[in-house]
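J.: First the structure, then my questions, so here it is.
Taken together, the values in this text are just the output of simple stated rules run on the coordinates, not laboratory data. These figures come from a predicted structure and were not determined experimentally. Glycine gets a Cβ as well: all are built from the backbone with ideal geometry, and neighbour counts include every protein chain shown.
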Amino acid sequence: MVQSNSSQVEQDAAGQVTEVATRSREAARVLRPTSGAVRNTALRALADAVDAAATDVVRANGADLSRGREGGLSEALLDRLALDEARVHAVAEGLRDVAALPDPLGDVVRGSTLPNGLQVRQLRVPMGVVGMIYEARPNVTVDAAGLALKSGNAVILRGGSAAEQTNRALVGVLREALTAQGLPADAVALLEGGREVVRALMAARGLVDVLIPRGGAGLIRTVVEESTVPVIETGVGNCHVYVDAAADLGKALPILLNSKTHRPSVCNAAESLLVHRDVADAFLPKALTELTTAGVRVHVDERAARCAQAAGTAYEPATEEDWDTEYLSLDLAVRVVDSLDEALDHVGRHGSGHTEAIVTEDRSAARRWVAEVDAAAVLVNASTRFTDGAQLGLGAEIGISTQKLHARGPMGLAELTTTTWVIEGDGQVRA
């Protein structure tokens, strides 16, 4: 009987996903030939609708937050989940920012006229149906919908249960606004249900063109390993700040503090600090004092511990596990290294390929960092928090890819397109 009930649940989930994805494909066909002007008008209408619904969205979010606190949700996830009216208006403004971006569709990636007279162009076109699987980040709901619409795609959203009521409220607003603009409501769809629905979405090859997971390491690993739908992997962010021997320490401290404390629960927050031994005594006592004053718990190696003791700051001895941890909290692993080579080796062994920053005035050291660090984003004398689509001028991002195929780093509009070869002739045949 248990097996029968389980089988029925799986069948129901597969049926729900098939029905939703089929409607999404129909919506994608309607969107595909629309003009940029039509999509931009719709985006601005969606922004106005989200603004107008801010009070209702915050009320729904409050219910999710209350349930999350009762269920023991971590502070990091509660921070990602939380929406106040200012955040809702910021999300709406993000839609307007996307509307103001150049239309990616129809761009000629390359083109030429061949010796036989054939005119060849490779054009950007929509992917079709994009699936999003993500956790307690309701802003992703609107960002993904906006970027999908701008790039001519339909999107199927499967947000985490922690944001259930918030996502339901937001998607309802977006679908109503799409209908009011004469576009199919199914251009934005929300899947609800348990793990069976997620598994069915991952198996919807042929109905869903690409899946993008956003969340913790476990979620991403599951989608990458189990999905039959192609996946763009958005990885975890074990990001480093390396303070070089030639660093301007006046720059290094605010870069470090911003990287760690600006918003510690996000993937581009720094999780490890590496400091060259030549500047450790000058830099670390003040840096550790500032970090602990900001509420950061530091996990330090033996040499950094001596600096903490000299400064009279609290610390915890670092374990080997700390070097591989994406804390997503006010925690930071700290290590003193003997050389740039040792810093590069540490990042190569423990980094997640997301974002790595060096602080240095030595241009040769900066060039080596850029050339030798294998990551989606490499920064010189700047906070890791700049690895962000909006900060880099892409508009709202749909995720930060740490893979190397198709897309890497912050993914904006171009990364939600594929290409079509258009070949025009005048009767040519192949010899």
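J.: Given Cβ point charges of +1 (Lys, Arg) and -1 (Asp, Glu) and nothing else, what value in debye, to the nearest 20, does the dipole of the chain about its Cα centre take? Present the calculation step by step, with values, prior to reporting the outcome.
T.: Numbers: 42 positive and 57 negative charges, 247 e Å.
Value, rounded to 20: 1180 debye.
J.: I need the peptides 229-235, 218-224 ranked by packing, meaning the mean over residues of other C-beta atoms within 10 angstrom, with the highest value on top. Mind showing how you got there, number by number?
T.: Details: 229-235: 20.4, 218-224: 17.1.
My ranking of the peptides, most packed first, is 229-235, 218-224.
J.: Here is a further query. Can you pull the one-decimal nm distance between simple spin-label points at Ser66 and His406, each 7 Å off the Cα toward Cβ?
T.: 4.1
J.: Which one, Leu405, Ala52, Tyr327, is farthest towards the positive end of the dipole of the chain when Lys and Arg carry +1 and Asp and Glu -1 on their Cβ?
T.: The Cα lying farthest towards the positive end belongs to Ala52.
J.: Hey, of (i) 68, 55, 38; (ii) 69, 50, 40; (iii) 74, 65, 46, which did the structure itself give for Cα extents along the principal axes in Å when calculated?
T.: Given (i) 68, 55, 38; (ii) 69, 50, 40; (iii) 74, 65, 46, the structure-derived one carries the label (iii).
J.: Could you list Leu183, Leu149, Leu170 so that the one with the fewest beta carbons within 10 Å of its beta carbon is first and the one with the most is last?
T.: Values: Leu183 23, Leu149 27, Leu170 30.
Fewest to most other Cβ atoms nearby, the residues stand as Leu183, Leu149, Leu170.
J.: Can you give the local net charge around Leu83? Use residues other than it whose beta-carbon is closer than 12 angstrom to its beta-carbon, Lys and Arg +1, Asp and Glu -1.
T.: Details: positive: Arg59, Arg80, Arg87, Arg137; negative: Asp56, Asp64, Asp79, Asp84, Glu85.
Once positives and negatives cancel, what remains is -1.
J.: Another one. Counting Lys and Arg as +1 and Asp and Glu as -1, each charge on the Cβ, what is the dipole of segment 239-386 about the Cα centre in debye, to the nearest 20?
T.: Numbers: 14 positive and 24 negative charges, 119 e Å.
Charge dipole, segment 239-386, about its Cα centre: 560 debye, nearest 20.
J.: Non-local amide H neighbours of Ser401 (under 5 Å, H modeled in plane, Pro and chain starts lacking H): which ones?
T.: It is Gly409, Met411, by chain and number.
J.: Let me ask you something else. Kindly state, to the nearest 0.05, the FRET efficiency for Asp12 paired with Val109, given R0 = 41 Å and r defined as their beta-carbon distance. Present the calculation step by step, with values, prior to reporting the outcome.
T.: Numbers: r = 42 Å, r/R0 = 1.03.
After rounding, the FRET efficiency stands at 0.45.
J.: Under a crude label model (7 Å from the Cα following the beta-carbon direction), how far is Asp84 from Asn5 in nanometres?
T.: Spacing of the two 7 Å Cα→Cβ label points: 4.4 nm.
J.: Could you give the length gained on full extension between Asn116 and Ala282, defined as 0.36 nm per residue of separation minus the Cα-Cα distance, in nm? Kindly include the intermediate steps, with their values, before the conclusion.
T.: On the way: separation 166, 0.36 × 166 = 59.76 nm, distance 6.89 nm.
My answer for the length gained is 52.9 nm.
J.: For the chain, with the dipole built from +1 on Lys and Arg beta-carbon atoms and -1 on Asp and Glu ones, taken about the Cα centre, which of Ala282, Asn167, Ser383 lies farthest toward the positive end?
T.: Result: Asn167.
J.: Taking K and R as +1 and D and E as -1, what net charge do the other residues with C-beta under 10 Å from the C-beta of Asn40 add up to?
T.: Values: positive: Arg39, Arg44, Arg96, Lys150; negative: Asp103.
Around Asn40, the charge tally is +3.
J.: What is the count of Lys pairs in the chain whose alpha carbons sit under 29 Å apart, if the two are 8 or more places apart or on different chains? It would help to have the intermediate numbers written out before the result.
T.: Numbers: Lys150/Lys404; Lys251/Lys260; Lys251/Lys286; Lys260/Lys286; Lys260/Lys404.
Summing the qualifying lysine pairs gives 5.
J.: Hey, what does the equivalent ellipsoid look like for segment 239-386, semi-axes from the Cα gyration tensor as sqrt of 5 times each eigenvalue, largest first, whole Å?
T.: Numbers: eigenvalues 82, 56, 40 Å².
Equivalent-ellipsoid dimensions as semi-axes: 20, 17, 14 Å.
J.: Further question: Where does the charge balance sit around Asp281 when Lys and Arg score +1, Asp and Glu -1, over other residues with C-beta under 13 Å from its C-beta? Write down the numbers at each step before the final one.
T.: On the way: positive: Arg277, Lys286, Arg303, Arg306; negative: Asp278.
Summing Lys and Arg as +1 and Asp and Glu as -1 gives +3.
J.: Taking the Cα centre of the chain as the origin and placing charges on Cβ (Lys, Arg +1; Asp, Glu -1), which of Val337, Gln309, Gly182 is farthest toward the positive end of the dipole?
T.: Gly182
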